[in-house]
Amino acid sequence: MTVKGSVLTDITGSVEALTAAVAGHVRSHRSARGWSLDELAGRSGVSKGMVVAIEAGRTNPSVGTLCRLADAFGVNIADLLEVAETRRVAISAADTAPVLWRGDHGGQAQLLRGLNEPDLIELWRWELGPGDRHGSPNHPPGTREMLHVLSGTLTAIIDGAAYEVGPDDTIDFIADAPHEYRNDGGEITRVMMIVVTPAGEWDRRRH
C-alpha cells in the first residue's frame with residue numbers, strides 16, 4: 001500500500017489554517033505536559049524531526065502521524081485539527097470536513113467530527129475506490145471501531161483474519177491490533193465509521 005505523505009487537506013482550500021492549527025495544538029499539548037521533543041517522539045513513535053516540522057508548520061502530517069500524536073496526548077484527531085471555538089451546539093458542514101487520506105484509486109477519508117468527553121469519539125466518512133486499501137496500526141487498548149457499509153463491499157483485515165462486509169452491514173471490533181481496509185470489488189465502497197477510544201494518554205514505548 002502506498003499512502004500519500006502530505007494528506008492534510010480539505011476541499012475548501014484552508015490547508016494553511018489546518019496546518020497552523022495542528023502546529024499550535026501539538027506545541028500546546030506538549031508544553032502543558034512539560035514534555036521535551038524527545039519525550040513526545042518516544043511516546044508517539046513519531047520521529048523528532050517530524051515533530052519539529054509539525055510544530056513549525058512546515059509539513060502536512062499523514063493520518064497515521066496524527067493518530068500517533070493524538071494517542072500520545074490522550075485526545076482525538078479532531079482536537080488537533082480544531083480551528084474554531086468550541087460551542088454548545090456545533091454544526092459541521094459536509095464541505096468543510098478535512099480529507100485526511102487519499103487512496104491511489106480515487107478513495108478518500110474525511111473526519112466529520114470528534115468529541116473528547118467522556119471518551120474520545122470520532123466520526124469518519126470513507127470512500128475506497130476499486131483496489132484502494134488503507135492499513136492502520138494498533139490503537140490504544142480498548143479502542144473500538146464500528147463501520148457501516150453504505151454501498152459496495154468492504155474487506156476488513158483484523159489481526160490477520162479477513163472479513164467481508166456488504167451493503168447495509170455493520171462490523172464492530174476491538175482495534176488495538178493492526179488492521180486494514182480494502183476494496184476488492186469493481187465499484188466504490190462507501191463507509192461511515194465511528195472510533196471510540198478510552199480517554200487517557202498512551203505511551204507506545206510500553207506496548
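Here are the numbers for the structure shown:
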quantity	calculated
Filtered residue count, the range 181-207, keeping only those that are in contact (Cβ under 8 Å) with a residue 60 or more places away in the chain, in contact with a His (Cβ under 9 Å, 6 or more places away or on another chain) and either over 23 Å from L112 (Cα atoms) or part of a strand (DSSP E or B) (or both)	7
Residue tally, condition modelled with pLDDT under 95, over 13 Å from the mean Cα position of the chain (by Cα) and surrounded by 18 or more Cβ atoms within 10 Å (Cβ to Cβ), over the range 190-204	1
Hits in the range 25-68 - residues which are in contact with a helix residue (DSSP H, G or I) (Cβ under 8 Å, 6 or more places away or on another chain) and among the aliphatic types (A, V, I, L, M)	V26, L37, L40, A41, V46, M50, V51, V52, I54, A56, V63, L66
Candidate set from the range 80-139 (those that are free of Cβ contacts under 8 Å to residues at least 40 places away in the same chain and among the charged types (D, E, K, R)); member that is farthest from H25 (Cα to Cα)	R88
Close pairs from the range 16-30: first more than 9 Å from G57 (Cα to Cα), partner of a type in the set (S, T, Y), Cβ under 9 Å, at least 6 apart	L18/T9; R30/S36
Criterion (in contact with a helix residue (DSSP H, G or I) (Cβ under 8 Å, 6 or more places away or on another chain) and under 19 Å from S62 (Cβ atoms)) met by exactly one of R125, R204	R204
Identity of the residue in the range 1-40, outside any helix (DSSP H, G or I) and of a type in the set (D, E, K, R), that ends up modelled with the lowest pLDDT	K4
Count of the range 162-182 residues which are surrounded by 14 or more Cβ atoms within 10 Å (Cβ to Cβ) and either within 11 Å of M193 (Cβ to Cβ) or not assigned by TED's automatic domain parsing to the domain that holds P140 (or both)	3
Residue that is under 12 Å from the mean Cα position of the chain (by Cα), at pLDDT 90 or above, of a type in the set (K, R) and not assigned by TED's automatic domain parsing to the domain that holds A161, where the choices are R43, R68	R68
Residue check, I194 of a type in the set (A, V, I, L, M, F, W, C), closer than 15 Å to W124 by Cβ and out of contact with any helix residue (DSSP H, G or I) (no Cβ under 9 Å at 6 or more places or on another chain)	yes
Residue check for D119: under 30 Å from R33 (Cβ atoms), of a type in the set (D, E) and more than 12 Å from the chain's Cα centre (by Cα)	yes
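The values are calculated or read from the model by the stated rules, or taken from the named source; none is laboratory data. Since the structure is predicted, the reported quantities are computational estimates derived from the model, not experimental observations. Every residue, glycine among them, receives a Cβ derived from its backbone with ideal geometry; neighbour counts consider all protein chains shown.
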